[in-house]
1. Work out the mean other chain Cβ neighbour count within 10 Å for the residues of A:64-73 and drop it here as an integer.
2. For a distance above 28 Å, tell me the whole-number percent of Cα pairs in chain A that qualify.
3. Roughly how many percent of the accessible protein surface of the protein assembly as shown is carbon and sulfur, given a 1.4 Å probe and a whole-percent answer?
4. Largest first and to the nearest Å, give the Cα extent of the protein assembly as shown along each principal axis.
5. For the pairs B:202/B:232; A:183/B:24; A:168/B:7, flag any whose C-alpha to C-alpha distance is greater than 28 Å.
6. Below 8 Å between Cα atoms, with a sequence gap of 6+, how large is the relative contact order for chain B in percent?
7. Work out the mean other chain Cβ neighbour count within 10 Å for the residues of A:101-107 and drop it here as an integer.
8. So what is the 222 nm mean residue ellipticity for chain A from helices alone, if each DSSP H run of at least 4 adds -39500 (n - 2.57) and you divide by all residues, rounding to the nearest 500 deg cm²/dmol?
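The values are calculated or read from the model by the stated rules, or taken from the named source; none is laboratory data. Every value quoted in this text rests on a predicted model; they were computed, and no experiment measured them. Counting neighbours? That spans all protein chains shown, and the Cβs are built from the backbone with ideal geometry, glycine included. To get the accessible areas, we keep the full protein, side chains included, count just its heavy atoms, and leave off ligands, DNA and RNA. Shrake-Rupley method; radii C 1.70, N 1.55, O 1.52, S 1.80 Å.
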Amino acid sequence: MTSSGDIRSGVRFNVREFTRTARGNHRDELHLDEFASAPLSDESLHAVRYLGRLESATMEHLRNLLVTATHKDARVTAFLVTWAFEKFWIADALDAVLEANGQPRAQAIEEGRTRTAHADARDRRGPIRRAVSAIRQGVPIIAVHMTTGLIDEWITRTAYERLSAVSKSPALAATIQLILDVKERHARFFDDEARRRLSESPRAVKLTRTELLHAVWPIGAVDRADSDRSFFERFVFGGSEGADRAALIGTRVAALPGMDARIGSTVAQRLLP
Amino acid sequence: MAFDVDKYTATSVSVNWDDLDLEKFRTEPLNETSLRTLRYMTDVEYHTVCYTRDLLTTPSHKEADMSAFMTMWNREEFWHGEALATVLGIHGVTVDFDELKANRLKLGWKDRLDPIKQSVLGKIVGNDFVAVHMAWGAANEWSAIQAYNRMAELEQDPVLAELLKRIAKQEARHVAFYTSQARDRLAKSKKAQVIARLALGKFWAPVGSSIMERSEVVHVMNHLMSGPEGRKAARKIDAAISGLPGLEGLKIVEDSLDKLGIAA
Ligand SMILES: [Fe+2]
Ligand SMILES: [Fe+2]
């Protein structure tokens, strides 16, 4: 890895090391037989299924990123290739949990209808419109993708931690710990990239602020079923404790370079049921 | 025969070269011609993920099997780039992510418009267009196998040959996926056959043509695909492509060699 990047924040994330140590198939480490005597509740299974769908939507997400200048950054694409690989196996681990609980795999059953809310329109725009606006946006769009990637990691981590607590299942908790370990490096990469790019470019800040005022969470939610999204919002961010969790994410967003309390609270607001 | 995606994902690995004595190139280096060709191959492999973008702008990404394949395929191709970059590195040629970036930034309007064009086409003909992409992908993967085989033949170097053989073995699985997809989808639709024939006949060019300078394309084609043996390899690719439903008689590789002025 050449080190032409910013080193203010310490050692730059080592993409090559990441690609070399990618973690694949987890099936041997999942304690699946424990579910036979202690099956998960319907609610926990629903959360597992929805998280599985989110994790396996990498190719749809990649498509949206690659029609923009993000595809020109070979370091970022090298990361994304391995990121997609690791997420594939995270989704597979969640499928294994579903199967051990007598359920079909997450993608084996039809998803319900997507939401048609006006607020989602921006995220629903297809690859053509994304490609057209990307011509104007140029390289700073990469900062937007890195920042939304980071916030998405914060949101899904919150969801996994919630699921781990609610399920009261040591077997699921162990699987979730494994998943969070894998995802920790994804968050670290996005964190590095987002902070560096936002600090360096006012244009990146401007584009990111606009995006965050309209973004739908988690990434890819617009393609998911309305009923699953409502479930997720209630399950992770419902009630006063849930609102606190959303507010915490908002605070972290507000603290990113070039962001502020208004952006943070908008993101938090959009997580709520 | 149907392609078993579950089996493919379960057995997909990054190509391994730990046991190969690549260090020997320090005392027995490859020649300039080969290094230039290897550099081209490395860039093409690293760029694979960019082609994913075109494939994904069609409805194909909605299919779980397709997604699963693309995930592993991208990673295998990335590792082909890493393997070849290691060989180049031993020869003092550095191919780093940041350098590739510079290459990609050179791509002009043509590149920017490509995903838009692809999406529009994808919308117009819907699932039929996936068939075209699959046939296109098959042609590219067949080309990769022939290119690596030719390189191994020409170099006569046992260490390089073994590395290229391992890469080509993975390319063969890619071929299997793309052909089984193309065959099924083309067989189902006369319209898809017509469009595939038109697209490949009119627009196909040797892998890498859209990202590399023309001089580099000519160099690689001259190196690997010229002369009687080169033509024989080209005809093998053409024979495979023209074996797909509706593509009988196409000879896109030979035609493109003629267009580039590569001697038979
Ligand atoms: Fe390859
Ligand atoms: Fe390949």
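1. Rounded to a whole number, the mean comes out at 6.
2. Cα-Cα pairs in chain A separated by more than 28 Å: 35 percent.
3. Carbon and sulfur together cover 53 percent of it.
4. For the protein assembly as shown, the Cα extents along the three principal axes come out at 76, 53, 45 Å.
5. A:183/B:24; A:168/B:7
6. Over chain B, the number comes to 22 percent.
7. 1
8. After summing the helix terms and dividing by the residues of chain A, the value is -21500 deg cm²/dmol.
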